[in-house]
Amino acid sequence: MIRAVIVMNTQGKPRFAKFYDFQPVEKQQELIRSVYGVLCSRAENVSNFVETESIFGPDSRLVYKHFATLYFVLVFNSSENELAMLDLIQVFVETLDKCFRNVCELDLVFNYSKMHTILDEIISGGQVLETSSSEVMKAVEEISKLETASNSINFVSKTVSGWRG
Amino acid sequence: MEQLKTIGRELAMGSQGGFGQSKEFLDLIKSIGEARSKAEEERIIIHEMETLKRRLTDPDIPKRKMKEYIIRLVYVEMLGHDASFGYIHAVKMTHDDNLLLKRTGYLAVTLFLNEDHDLIILIVNTIQKDLKSDNYLIVCAALNAVCRLINEETIPAVLPQVVELLGHSKEAVRKKAIMALHRFHQKSPSSISHLLSNFRKRLCDNDPGVMGATLCPLFDLITTDVNSYKDLVVSFVSILKQVAERRLPKSYDYHQMPAPFIQIKLLKILALLGAGDKQASEHMYTVVGDIFKKCDPLSNIGNAVLYQSICCVSSIYPNPKLLEAAADVISRFLKSDSHNLKYMGIDALGRLIKLNPDIAEQHQLAVIDCMEDPDDTLKRKTFELLYTMTKSTNVEVIVNRMIDYMISITDHHYKTYIASRCVKLAEEFAPNNHWFIQIINKVFEHAGDLVNIKVAHDLMRLIAEGFREDGDTVDSELRSSAVESYLRIIGNPKLPSAFLQVICWVLGEYGTADGKYSASYIAGKLCDVAEAYSNDESVKAYAVTALMKVYAFEKMSGRTVDILPECQSLIEELSASHSTDLQQRAYELQATIGLDAQAVGNIMPADASCEDIEVDKDLSFLNNYVQQSLENGAQPYIPESQRSRMDDISAIKSLDQRETVSHSLRFEAYELPRPPVPTSIPPISPAISAELVPVPEPYHPRETHQSTSEPSVSDDGSSQVKLRLDGVQKKWGRPTYSSSPGSSVSTSTPSPQKAVNGGSQADSTGTVSSKPTTYTSRNAEPEISLEKQKLAASLFGGSSKTEKRAPSATHKTTKTHHGVNKAHAAKTTAVLAEVPPPDLLDLGEPTVTSSAPSIDPFKQLEGLLDESQVSSTDNSKAVGPNKEPDFMDLYYGTTMTGQGSNFVDLLSSNKDDLDFTSELSKVTANTGQGETIVSNLAQFSKGPNAKASLEKDAVVRQMGVTPTSQNPNLFKDLLG
């Protein structure tokens, strides 16, 4: 089972965090901080796996991938395959890339809720739900379409300035 | 897709803020991004929270605004601030009819609330309604929320709807419904135990996505109960076969692999089903063998599937062909340059080794390499493997390696872990006691506070007992060597407490035993310890008791004891100690020294720490003393059972016999839970009872503490005295003994340790003959590198190894260069985009500046702007007011008309456009070391993305958000 998905930049600022078993806010911060502490101390060209039992408790592993300015981190237990998790990060990022066209950190900052939408299509309740990024995109697209449609119905009258869809 | 993008972009550009958010939110993100310190960030967020608090209470906020506030709340909470004041608004938002708002609401509540939160009750009803909605997206949103928010009690409220949704026409809904059911199963297996057949049904779903999702719950179910799912083996095998043969839709291909995630899940399930089941395993052999052949060994995901296949092969009933294939893959993993693959190789090796120990032999060198790798993860994984490989033949090398590593790390958690592993291995496989003691000493020295105290006790016991079968000489040699090593170590600063306790104990017991060291030398050392660690009471306690032993042994051997002055002052200090335990020990020491040799010999027999202490529960040795006292007119002891009757009698007695009355009353009040002592106890000499009090600590088993108090009761016979002693006993009794954990060691029976020793003995003889791994023979210990070279020569041949490494290294460098190029290209173009169009013609400057990435791009920008002012006069295409201070206005001007894309148009109209990017990359390639990006994506190459980043930049600039000097890389393409 996947226990958490964290995206943070190389300076340790969290950009996205989702925990599949509930963690109180302070605990989340502590976890993110300690994960960052581990990640930033790791050299380049070492493996993408980290033992994190001291952070996340027994039977927990962490896989991270460094993209440009961001770390993508998956925390999971022994029922998952590390290499596959590494590719799951890849699926996630590729999907983001499809969605935002050349995705960059700024896209993630400004599209916080969209990231959640995408991730919810990939992982549900800690289980890998869908791994085909085109399938995920299809779903996300559909959601966006309907959302914008409902936007135009509901908002056009209320908003004066150009919220058009 | 394309369409979505345009919608997204247009939306982003069209709304006043861009990206669908208001300027305010962007400003917040920007200012947080620019915050120079944590305190500043904190201040900004607190300010933001106050704003939100104020706004949210406003009764008529437009819904669109409300949505943004909720997103901002989520953002604030992600940054670690409590946003609970807004939870209720998120909950309210889930009630909204608008899809966007509802989804936002659900998103927020799933992030904010845990399943036991009070507000959940307000959502359950909405979820129920939404699960019945016609709009499948609403249903999906509700199902997402169900996974997170429904707890055991609320499961029944939504269960019927969720089950119904398993048959929904949309596969997305079916998938999520399965996940929701799976979640229910995790939370409370009993709640859906009658619905498990649904998972089987969904396995046959037409949609591969749904089928794949079903594998998750089935995996869990099979893990708990293999036998009820044996009938599915054939189905799983046929699914896996179809997947591997690419029968699934193309969209499930991932990096040219057919549905690898589904393959992995299936292999995991098969591993469970085939474990120890020959018949089931036979079904699997063909398909797993096919996968070994078909997997693409070059892609990461291909290796993931291969690794899972190895796991499967090592779990099911063994098949020689498959094992061979697995071994081939493992050797490829281990020889790979990728640390990830090495890691997986080590892990896989650990699995296969259980079936075939010989396999390790051919990979010895790779394993050694991994063990010496600077990558901690890999190192630890290797130690994990070595731990399972340890035998009596290689235990010394492995444990020494572990200890070296243990010394080098600071991570307490892992230090504890590896220390315990060292101890365990040493206990199990130690070739001899001497080595064992050395190892344990090392462990204690470097990780003493992290080691279980039991290890210290075991060590003391081992030193005390030795190997009985080895004879006394060996034992005493062992002790002497222990004493010697401890005398060496004792001077080291900052030794851990547990280790010092062991040292004190051993010095006390055996310090003077071989006559090599004088009592005063040992005593001096012990006093030094007590002084150096004056904060640690248990160390002091051990030291004092050790002193007592040293002096007692001296006395017994008939030598005169002169107490060192520092020792004397220590005793005096401790007699006034706040700790009653220390006080007692100090007094005991004094009392013991004052006794004659024979008495000392009785209470402190030399080298008797392993002897069982026989407790005379009847206290027959006191009989004489009691008899004497009785003859002298003392009151006889009255058993408790008779005392109540005594009370009645005494009540009748005359009033002037107050004392009797009073002490009979006191008997009542204190209700002593003491087993009755026979009334006819003959008197006994007081000398012995005096001796009994200062019995040395470590010799006390539980029972003695009763016996020490008993005699004092019968001693005086008067209840007054007894009551007083009672108080003392409570103060001195249990806590005293429990505070010296060493006591239990020396008195407990030696059988368990002996069993362990015996076991390891047998083990070692058993394994020596088989001699399976050669790489860690004992003589390899001092110079592993030589050994390694030898091995390298014999296994791989020196030259071939370097040859193999060389090309990959160059490959790596080219890869990074590639990444650098792109990054720089992107960055420089980003810089360029800030320059007004006229400047774009002048390509010289930006190329130069880009080669020095450490320079603030904005400084450069300012410089460029100056120039632009000059050049713009020449340029006929001057756009907007081109003044330096408000160059942002310029952007508003330009983008107003063409929505940002005109930038790109301008750029692409520039005929030099393509050339300059290529030139840029050339320059950056030459300068080489700018920022390096780990680009794991060889296969995921994309064209130059200057256009896109320009576009993006334009949008952002239009909104007034500028990436700051601190974070100029915000635009860096993640997949670049």
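The values are calculated or read from the model by the stated rules, or taken from the named source; none is laboratory data. Quantities reported herein were computed from a predicted structural model and do not represent experimental measurements. So basically every Cβ, Gly included, is an ideal-geometry build from the backbone, and we count neighbours across all protein chains shown. What goes into the accessible areas is simple: the full protein's heavy atoms, side chains included, and nothing from ligands, DNA or RNA. Shrake-Rupley method; radii C 1.70, N 1.55, O 1.52, S 1.80 Å.
Tell me, what ³J(HN,Hα) does each residue in the range B:398-406 have, in order and in whole Hz, if you take phi through Karplus 6.51 cos²θ - 1.76 cosθ + 1.60 with θ = phi - 60° and put x for Gly and Pro?
4, 5, 4, 4, 4, 5, 4, 5, 4
Given a 1.4 Å probe and heavy atoms of the protein chains only, how would you sort B:Tyr486, B:Tyr542, largest accessible area at the top?
Most to least solvent-accessible, the answer reads B:Tyr542, B:Tyr486.
Which residues of the range B:128-173 end up with at least 20 Å² less accessible area in the presence of all protein chains than when their chain stands alone, using a 1.4 Å probe?
So the qualifying set is B:Tyr136, B:Leu137, B:Asn144, B:Cys147, B:Arg148.
Quick one: order B:Ser314, B:Ser169 from most to least accessible surface, probe 1.4 Å.
Largest accessible area first, the residues go B:Ser169, B:Ser314.
Below 8 Å between Cα atoms, with a sequence gap of 6+, how large is the relative contact order for the range B:48-111 in percent?
Relative contact order, the range B:48-111: 31 percent.
If you add up the charges near B:Ala280, with Lys and Arg at +1 and Asp and Glu at -1, over every other residue whose beta carbon is less than 14 angstrom from its beta carbon, what do you get?
-1
Is any residue of the range B:194-211 close enough, with backbone N under 12 Å, to a label point placed 7 angstrom from the Cα of B:Ser228 along the Cα-Cβ axis, and if so, which?
B:194-200
Anything over 24 Å Cα to Cα? Flag those among A:Lys18/B:Lys250; B:Lys321/B:Lys354; B:Lys92/B:Lys170, in the order listed.
Cα-Cα > 24 Å for A:Lys18/B:Lys250; B:Lys92/B:Lys170; rest within.
List the GluC sites (Glu not before Pro) within the range A:1-107 that DSSP assigns to loop and that have no more than 10 neighbouring Cβ atoms inside 10 Å.
Answer by residue number: A:Glu44.
Run the simple label-point estimate for B:Ser331 and B:Ile88 please: 7 Å along Cα→C-beta, distance reported in nm.
Result: 7.0 nm between the two label points.
Please name the residues of the range A:116-137 whose accessible area, counted over protein heavy atoms with a 1.4 angstrom probe, falls by no less than 30 Å² between the chain alone and the full protein assembly.
A:His116, A:Asp120, A:Glu121, A:Ser124, A:Gly125, A:Gln127, A:Val128, A:Leu129, A:Glu130, A:Thr131, A:Ser132, A:Glu135
Angle between the Cα long axis of helix A:133-155 and the longest principal axis of chain A, 0 to 90 degrees, nearest 10?
40 degrees
As an exercise, use a Förster radius of 51 Å and the Cβ-Cβ distance of B:Asp253 and B:Asn452 to find the FRET efficiency, rounded to the nearest 0.05.
The pair B:Asp253/B:Asn452 has a calculated efficiency of 0.50.
Full-extension gain between B:Ser480 and B:Ile407, please, as 0.36 nm times their residue separation minus the C-alpha to C-alpha distance.
Gain in length upon complete extension: 23.6 nm.
So how much accessible area does B:Leu355 have, in Å² to the nearest 10, using a 1.4 Å probe?
Here the accessible area works out near 70 Å².
Mean separation of Cα pairs under 8 Å and 6+ residues apart, divided by the residue count of the range A:52-129: what relative contact order is that in percent?
After rounding, I find 19 percent.
Hey, got the average number of other protein chain Cβ atoms within 10 angstrom for residues in B:90-100?
Per residue, the average neighbour count from other chains is 3.
Per residue and in Å³, how big is the convex hull formed by the alpha-carbon atoms of the range A:1-108?
102 Å³
I need the peptides B:135-143, A:32-40, B:269-277 ranked by packing, meaning the mean over residues of other C-beta atoms within 10 angstrom, with the highest value on top.
Listed from highest to lowest mean packing, they are B:135-143, B:269-277, A:32-40.
Using 16 Å as the cut-off for backbone N distance, which residues of the range B:499-536 belong to the label zone defined by a point 7 Å from the Cα of B:Glu445 along Cα→Cβ?
B:499-504
Quick one: if the Förster radius is 35 Å, what FRET efficiency do A:Ala149 and B:Arg200 give, using the C-beta to C-beta distance and rounding to 0.05?
My answer for the efficiency is 0.35.
Hey, got the average number of other protein chain Cβ atoms within 10 angstrom for residues in B:329-339?
Other-chain Cβ atoms within 10 Å of each residue's Cβ, averaged: 1.
Can you give the accessible area buried between chains A and B, summed over both chains, with a 1.4 Å probe, in Å² to the nearest 100?
Buried area (both sides, nearest 100 Å²): 9400 Å².
Output the relative contact order of the range B:280-382, whole-number percent, from Cα pairs under 8 angstrom with separation of 6+ residues.
About 21 percent, as a whole number.
Residue by residue through B:179-192, how many Cβ atoms from other chains fall within 10 Å of the Cβ on average?
That average works out to 2.
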